Amino acid sequence: MLSLQHVYYNIDCIGLGHFLDMPDSVTLAEPENHSFHCLLDVSFCQDSGYVVLADKDPSTGMHCIGARLEDTQAVLDAGFATGSATADDGYCTGCTNEDSDAPTSGFQATIKGTVKELGDGSDSVNRAPLLENIEVLDASVGCETTIVNPVCMPAPPAPEEDIKVGDEVCITNYLMDNCELISS
């Protein structure tokens, strides 16, 4: 299995450049500030799809796009189960986790899936690989290794095998929605 450690985001907030409920926060620089409400409750953001982020590019301080995720419902199910149902008077209306230490922002998870498409090399989120048959696991599960190259940084030395359609991969990082990229 090929693996990559990263975080989930919705594509909408990436294109907008800031979070809908936190306009002073830069999305790809501060994914830890992305509220579960903004990520999961907003239908426009749900409809945009999700990506898992890669590490930060040291030259820009911005996270790169790791991979696009085909299964929105798997992200929603895991996110709602992880996010706090009680913080901020239930700000995340779909969240169900009643633990006192449940997170309210910065949804991190481990994604395991199969590469369906390699990406189109464009200047949009579509340049990233598309994963299908995904599993959304707790971030503490982690990945054994990371060899999927973030699309915004120069490629590291080539692994023994290049990633190809049908490969299984693993990514642990923040999630982001796709909605602002679609609307811009």
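What follows is calculated from the coordinates using simple rules that are stated; it is not laboratory data. Everything numeric in this text was worked out from a predicted model, so none of it was measured. Every residue, glycine among them, receives a Cβ derived from its backbone with ideal geometry; neighbour counts consider all protein chains shown.
Can you grab the distance from the C-alpha centre of the stretch 50-69 to the C-alpha centre of the stretch 70-139, Å, no decimals?
A separation of 14 Å, based on Cα centres.
Tell me, what is the FRET efficiency for residue 96 and residue 141 to the nearest 0.05, using R0 = 22 angstrom and their Cβ-Cβ distance as r? Walk me through the numbers on the way to the answer.
Numbers: r = 20 Å, r/R0 = 0.91.
Plugging the Cβ-Cβ distance into 1/(1 + (r/R0)^6) gives 0.65.
Taking R0 as 41 Å, what's the FRET efficiency between residue 165 and residue 22 from their Cβ-Cβ distance, rounded to 0.05? The partial results should precede the final answer.
Working: r = 37 Å, r/R0 = 0.90.
So the FRET efficiency works out to roughly 0.65.
Taking H as built 1.01 Å from N, whose amide H comes closer than 5 Å to the amide H of residue 172, not counting residues under 5 places away?
4, 5, 6, 111
For every other residue with a beta carbon closer than 9 angstrom to the beta carbon of residue 115, add +1 if it is Lys or Arg and -1 if Asp or Glu, then tell me the sum. Before the final figure, lay out the partial values.
Details: positive: 116, 164; negative: 117, 132, 167, 168.
Combined, the nearby Lys, Arg, Asp and Glu give -2.
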